[in-house]
Amino acid sequence: MKQEATRLLYFLLLFGLAGALVGHAGWALAAGLLAYTLLHLRQLDRLYHWLKDTPEDEAPEATGVWGDIFQSIYQLRRDEYRARASLLGIIERARASVSALKEAVVLVDGHGNLEWWNLAAEKILGLQSPVDSGQPVTNLVRDPLFIRYFEQGPYDEALELPSAVNPGRQLKFSITKFGSNDRLMIVSDITRLHNLEEMRKDFVANVSHELRTPLTVLTGYLETLLTHSEGISPRWLRALQQMDTQAARMTNLVNDLLMLSRLENDSMHQEHKIVNVPALLAQIRNEAITYGMEKQQTITLECDASLRLIGLEEELRSTFSNLVTNAVKYTPAHGQIHLRWWTTTHNGKTQAFFSVKDNGIGIDAKHIPRLTERFYRADAARTTATGGTGLGLAIVKHVLLQHKAHLDIVSAPGKGSTFTCVFPQELIVR
Ligand code: ADP
């Protein structure tokens, strides 16, 4: 700027001197200023046309401050072009890699309309480019389960559905929210995994079913032998009694496996009815008192007498009974077991609870997250002695899942445990 000011000074000096020589210094200065302004206007005009008409061209030639301005603008633009080109390259690479994925990737905008999808989405979901662009996703994936999942969220777990486009294929939908209510949907073909899972279920169901008959024969003969044991030597009698105990354990195991198979296979289609939980719990308490007779534990029941539940009665009986039987098994003689059935309302949401609280051996914190896995035992030696199958809590978890309920476990070694089933509002009946 200093340079430009000096230039102006020289310019005016020159004009001033020349004017003074002819006796019109004032006019000459005015003419000098006009000429200087015109010079700048010309440069402004060149700048304007360069930016407007030929932005890709190099900066026009100019002297003085205009030369610097042209060069700086040119530099800035070149940097911006380079940054843009590199960003476009990154976007293009990201696009290409998403397009190459085997999973369908679909971008859905805040209104639930399709925004972008990759090639796999065309194959897996049958989307057509560009006609489907901007269409509501629920118009193209019409399964009512999907529509409910998509509209209600909260997308914590994926949704598995048979494919509407490729019969026999099974799909898994996972949705993630981002931005302002935009959604990223990833759909994968899980047919192989699904078939394997089906095979596993069938295998377990068939094996358990097939084991039933030989077991019935064995236990039948053992029972007969034991009721006519007069002539049997004490050594053989002990062997027979052990065989009988183990056969009974195996029967429990087979029954639990069958129950789990049934829960996995067909209870989705069973009709849920109103279950009189208070009456059910009174029965379970009486059975538990008989079951734990030798231990002389105190089993108390606190019950909201008008609180009933919509559900599957036999499955709920088995769930509650499993929890109460466990409390009896894992609580020493003269222990306390408290059963409770009640509701609470929090933030306008009511839930029903069934809890079994004991002051028994308790469970180490590290085992708690895994207790509902099949055959998982906190202490294998001790539970084998109690005749457990390791399937009880797996059954509980499955039944609760079918009632949109869940299990809470609070326990500390030596202090006792509380197992609580939490049921949602929509199942509560008064
Ligand atoms: P099991 O037939 O072995 O009892 P479950 O699935 O019912 O199998 O329970 C899994 C494990 O959880 C048990 O083996 C036991 O270690 C632990 N458990 C369950 N209930 C209780 C309880 N009330 N107190 C202490 N441990 C328990």
Residue match in segment 116-129 (condition: surrounded by 13 or more Cβ atoms within 10 Å (Cβ to Cβ) and part of a strand (DSSP E or B)): yes
Members of segment 401-419 found to be more than 10 Å from the ligand (Cβ to nearest atom), touching a residue at least 40 places away in the same chain (Cβ under 8 Å) and closer than 22 Å to E315 by Cβ, listed by number: Q402, H403
Residue within segment 349-358 that is modelled with pLDDT under 95, β-branched (V, I, T) and near the ligand (Cβ under 8 Å from one of its atoms) present: no
Residue satisfying condition, being surrounded by 14 or more Cβ atoms within 10 Å (Cβ to Cβ), among the basic types (K, R) and assigned to a helix (DSSP H, G or I), within set K172, K201: K201
Matching strands (runs of 3 or more DSSP E) fully within segment 298-405 where at least 1 residues are in the same structural domain as T420 (by TED's automatic domain parsing) and over 25 Å from N286 (Cα atoms): 336-346, 349-358
Pick from segment 319-339, criterion of a type in the set (G, A, S) and crowded, with 19+ Cβ neighbours inside 10 Å, ranking: nearest to the ligand (Cβ to nearest atom): A327
Failed item, numbered, when E61 is tested on (1) within 56 Å of the chain's Cα centre (by Cα); (2) without any contact (Cβ under 8 Å) to a residue 12 or more places away in the chain: (1)
Residues of segment 72-105 classified as under 30 Å from I175 (Cα atoms), β-branched (V, I, T) and part of a helix (DSSP H, G or I), total: 3
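The values are calculated or read from the model by the stated rules, or taken from the named source; none is laboratory data. Bear in mind the structure is a predicted one, so any value in this text is a computation, not a measurement. Ideal geometry is used to build each Cβ from the backbone, glycine not excepted, and the neighbour counts take in all protein chains shown.
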